[in-house]
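Any read-out appearing in this document is the output of simple, stated calculations on the displayed coordinates, not a laboratory observation. As the structure is a computational prediction, the values presented were derived from the model and not from experiment. With ideal geometry, Cβ positions are generated from the backbone for all residues, glycine too; neighbour counts draw on all protein chains shown.
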Amino acid sequence: MKRILRLSALVGLCLISLASVAQSRKGVSILGDSYSTFKGHVTPETNVSWYSTKIDTARTDVNQVSDLWWHKLIRDNGYRLVRNNSYSGATICNTGYGKNDYTDRSFVTRLTDLGSPDIIYVFGGTNDDWAKSPLGEYKYSGWTREDLFQVRPATAYMIASLIERYPGTEIVVIVNSDLGPDVTSTLKTVADHYGVGCVMLHDIDKKSGHPTVKGMSQIASQIEKASKQI
């Protein structure tokens, strides 16, 4: 009987120890677009995904979640995923393709649903560039609803809101390669204004405008390298 009790106590201690180790690992949340999606691995699940297990070599060679940049980054650094709130085709601001209202999927709307992470990776701006969303002017306070339909004030609102909503959390803005100079400079300028980390990607391998398996590895590697200098 005593042996059973000792064994039970030992198992209990092991479970407590494992739980403690898991909690000590840094938690990561992603606020992203198609580059960070994989069907069945986004929250909420109703978010549209671009990548999936469906093999379509004409479009991409990415067909498993372990190919994704964030999966590799988390795996290689011993992090844990808190939430991946990414939505394919989403713009940072509320103006999407065809000047349609994207308030239901924009970054400024989804930023409130990231859980309780230690690090937030913000990877967007690509669709704002591709959709030719209106730039607007830099504005760092007193935002109106109209401001959030323009890239520059919406980006500032997004970063300011993340800082306020997730105090003490490290925020890293990831700037895609091959974007136009206006959106690229907007992301860098706003990140610098608020003093948050900014990773400028370069030479990312892509197919159909999206990272390949090689490109995903390049993204993870460049983020990891840049993070050591932030």
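Numbers for the structure displayed
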item	result
Angle in degrees between helix 2-24 and the longest Cα principal axis of the chain, rounded to the nearest 10	20 degrees
Computed magnitude of the charge dipole of the chain (debye, nearest 20; Cβ of K, R +1, Cβ of D, E -1)	1120 debye
D205 paired with S66, simple spin-label distance in nm, labels 7 Å along Cα-to-beta-carbon	1.8 nm
Using alpha-carbon coordinates, inclination of helix 181-194 to the longest axis of the chain, degrees	50 degrees
Within region 79-178, GluC sites (Glu not before Pro) in DSSP loop having at most 13 other beta-carbon neighbours inside 10 Å	E137, E146
Tally of Lys pairs whose C-alpha atoms are under 16 Å apart, taken over region 26-227, 8 or more apart or cross-chain	8
Gain upon complete extension [D113, T144; 0.36 nm per residue less C-alpha separation]	9.0 nm
The chain: most fluctuating residue of T212, T169, T57 per GNM, C-alpha cutoff 10 Å	T57
Whole-number percent relative contact order across region 26-227, with pairs defined as alpha carbons under 8 Å at least 6 apart	22 percent
Helix axis angle, 151-165 relative to the chain longest principal axis, alpha carbon, degrees	30 degrees
Tensor-based shape of region 114-177 (alpha-carbon gyration tensor, a/c under 1.5 rounded, otherwise prolate or oblate)	oblate
Nitroxide proxy distance, nm - points 7 Å out along Cα→Cβ at E170 and D104	3.6 nm
Chymotrypsin sites (Phe, Trp or Tyr not before Pro) restricted to DSSP loop in region 93-169 with at most 15 other C-beta within 10 Å	Y138, Y140
Computed E for W130/S24 - FRET, C-beta separation, R0 30 angstrom, nearest 0.05	0.15
